[in-house]
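Here the structure is laid out as structure tokens; the discussion comes afterwards.
The values are calculated or read from the model by the stated rules, or taken from the named source; none is laboratory data. Note that the coordinates shown come from a computational prediction; the quantities given were computed from them, not determined experimentally. Cβ placement follows ideal geometry from the backbone for every residue including glycine, while neighbour counts extend to all protein chains displayed. Calculation scope for accessible area: heavy atoms of the full protein, side chains included, ligands and nucleic acids excluded. Shrake-Rupley method; radii C 1.70, N 1.55, O 1.52, S 1.80 Å.
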Amino acid sequence: MIFDANILALIFNMQLTYQPFELQLKHPFTIAKFSRTSTPLMLLQINHEGFTGYGEASMVPYMGESHQTAADFLKKVDISQFHYPFNFDEVIFYLDSLAPGNPAIKAAIDIALHDLDGKLKQQPCWKLLGSNPAVMPVTSITIGIDTPEVILKKVKEAETCKVIKVKLGRDSDKELIKTIRSVTDKPLYVDANQGWTGLQQSLDMCYWLHEQGVQLIEQPMLKTDIDSNAWLTERSPIPIIGDEAVQRLPDVEKAKGVYHGINVKLMKSAGMYEAHQMIVKAKELGLKVLIGCMSETSCATLAAAALAPQCDWADLDGPFLTSNNPFKDPQFEDGEYVLGNEPGLGLQSRS
């Protein structure tokens, strides 16, 4: 892949370059409160002594990042001060000191450094992070809110997956599930994206979904409504997972007693390093872990897949939902990602 020669910084003879990219979706992606047909990305390269680390920021609109905010943040970055740029604790502390928020562009830097670190050490990222590919969970394929006709088309396109994830949060929730159940009995995950209101109505929905073979429910109610989410979690027959309510490491401890588990996404956690910390902390607290993604290319998806064997569930469908992924799709067999022994992320360009 050819990136614009926009040199950001020199890091011990390292060149960091970046390029805006618009990721196109195969279908309009509709959830409880908005819809979109593309996602702005910032693609990164860090080059050092003939090796290249790749990173990616997927900036979904509700997170508040954009090509402009990413470029503005990158102009502040100067990590040439580090004695060792793979001390990820020091790197994330420095990036957070530059500006609050901006987790996606911070993740892009973190992912590129992890990829480069693996290539310099001639080790795959999953091995450096302590994952075991033999326990890779199956990954779900997401179906957004749509008409019954389009829903059926999406189910057919997702026929290679073992689990379907369904976006809910509107009055048509039951109709959507019934449409899917008319053609498949595969296990389902659902994500209400904070769209549910009313305690008893939500609990009744949990029991109905349980009867439909749903295995988990993400963020049913507003992330700020801690009491209602905790009430539902205490009574639900299905695990309730905090998503929008769990962004970075300090949020994990707050999730205890409110949710059965957490959704970790690299674009929320500012990268692989903190995502790994979140997974470890969740296990210490007895919380389950779903590792998810935004609309992403194979780059960020492979970064998350390196951590997926340490999680209970996976929802890493980014490349399957896009039409212009600039990289080759990751190896995917029998509903699971296959982690190879290539150094770093194992990312390959289409060209």
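Among the residues of the stretch 155-175, write down those that are surrounded by fewer than 20 Cβ atoms within 10 Å (Cβ to Cβ) and among the basic types (Lys, Arg).
Lys156, Lys162, Arg170, Lys174
Restricting to the stretch 238-285, count the residues that are open to solvent by 20 Å² or more (accessible area, probe 1.4 Å) and over 16 Å from Glu218 (Cβ atoms). Walk me through it before giving the result.
Taking the stretch 238-285 as the starting set, the residues that turn out to be open to solvent by 20 Å² or more (accessible area, probe 1.4 Å) are 239, 245, 247-251, 253-254, 256-257, 260, 273, 276-277, 280-281, 283-285.
Filter again for over 16 Å from Glu218 (Cβ atoms), leaving 248-250, 253-254, 256-257, 273, 276-277, 280-281, 283-285.
Number satisfying all stated conditions: 15.
Among the residues of the stretch 295-351, which ones are open to solvent by less than 10 Å² (accessible area, probe 1.4 Å), assigned to a helix (DSSP H, G or I) and closer than 14 Å to Asp115 by Cα?
Result: Ser298, Cys299, Ala300, Thr301, Ala303, Ala304, Ala305.
Pairs please, first residue from the stretch 167-185 and over 11 Å from Ile151 (Cβ atoms) and hydrophobic (A, V, I, L, M, F, W, C), second anywhere and in a loop (DSSP other than H, G, I, E, B) and at pLDDT below 95, Cβ atoms under 6 Å, 6+ apart in sequence or on different chains.
Leu168/Ala192
Can you confirm whether the stretch 187-194 contains a residue that is under 26 Å from the mean Cα position of the chain (by Cα), more than 30 Å from Pro148 (Cβ to Cβ) and open to solvent by less than 30 Å² (accessible area, probe 1.4 Å)?
Within the stretch 187-194, the subset under 26 Å from the mean Cα position of the chain (by Cα) is 187-194.
Imposing the further condition that a residue be more than 30 Å from Pro148 (Cβ to Cβ) reduces the set to none.
So far as the stretch 187-194 goes, no, none of its residues is under 26 Å from the mean Cα position of the chain (by Cα), more than 30 Å from Pro148 (Cβ to Cβ) and open to solvent by less than 30 Å² (accessible area, probe 1.4 Å).
Identify, by number, the condition in (1) closer than 26 Å to Glu244 by Cα; (2) open to solvent by 40 Å² or more (accessible area, probe 1.4 Å) that Lys178 doesn't meet.
(1)
Return the residue satisfying two criteria in turn: it lies in the stretch 157-180 and is among the β-branched types (Val, Ile, Thr) and touching a strand residue (DSSP E or B) at 6+ places or on another chain (Cβ under 7 Å), and of such residues it is modelled with the lowest pLDDT.
Here is the first cut: in the stretch 157-180, the residues among the β-branched types (Val, Ile, Thr) are 160, 163-164, 166, 177, 179-180.
Within this subset, residues satisfying the condition of being touching a strand residue (DSSP E or B) at 6+ places or on another chain (Cβ under 7 Å) are 163-164, 166, 177, 180.
On the way: Val163: 96, Ile164: 95, Val166: 92, Ile177: 95, Ile180: 95.
Out of the qualifying residues, it is Val166.
If we only count helices (runs of 4 or more DSSP H) wholly inside the stretch 79-149, which ones have 3 or more residues that are surrounded by 15 or more Cβ atoms within 10 Å (Cβ to Cβ) and aliphatic (A, V, I, L, M)?
Values: elements: 88-98, 103-121, 125-128.
The helices (runs of 4 or more DSSP H) meeting that bar are 88-98, 103-121.
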